[in-house]
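Here the structure comes first, spelled out in structure tokens, and everything after it is commentary.
Values quoted throughout were computed directly from the atomic coordinates according to the rules given, and no laboratory measurement underlies them. Note that the coordinates shown come from a computational prediction; the quantities given were computed from them, not determined experimentally. Here the Cβ positions follow ideal geometry from the backbone for every residue, glycine too, while neighbour counts run over all protein chains shown.
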């Protein structure tokens, strides 16, 4: 795989407590996603957060990796539905830290059984750069898959 570089543009107005910002993808895939401290730690109110974007990135990466592993095993998926939850909490003396990422995948595939799905998920998780990054940072990375 070639070297990959992607860019995002971020703007922020005001102080931390009352300020707000926007996030835009360099690709144009999304522009002006709002975020603020209030919506990061409270109700989202239709805005995003860095943690939500990390959940999307990790979940998306692991989903693609699993699709690749299933395809390589001649058991390609028809569909994969994934939910990823990022857990952040305050760690005494270290501030807020990403503590974990929990990924649940529901796979529709006709040619794979539970054992094959577990084996493919293990390889997919091992090959997912976001899983590797989070583990190296000390986060608890858990993934599970079931046939749907």
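Remark: spin-label model distance residue 1-residue 16 equals 3.4 nm, labels positioned 7 Å along the Cα→Cβ axis.
Each peptide in 52-62, 105-115 gets a packing score, the mean of other Cβ atoms within 10 Å over its residues, and the list from highest to lowest is 52-62, 105-115. Full extension of the segment from residue 110 to residue 140, taken as 0.36 nm per residue of separation minus the current Cα-Cα distance, would add 7.7 nm. Averaging 1/r over each pair of different alpha-carbon atoms in the range 69-148 and inverting the result gives 13.7 Å, the Kirkwood hydrodynamic radius. Using the Cβ-Cβ distance between residue 38 and residue 97 with R0 set to 25 Å, the FRET efficiency from 1/(1 + (r/R0)^6) comes to roughly 0.75.
Its alpha carbons considered, the chain gives a radius of gyration followed by a Dmax of 17.5, 54 Å. Helical runs (DSSP H, four residues minimum) scored at -39500 (n - 2.57) apiece and divided by the length of the chain put the mean residue ellipticity at 222 nm at -10500 deg cm²/dmol. In plain terms, the chain from residue 74 to residue 45 could stretch by 6.1 nm, reckoned as 0.36 nm per residue minus the Cα-Cα distance.
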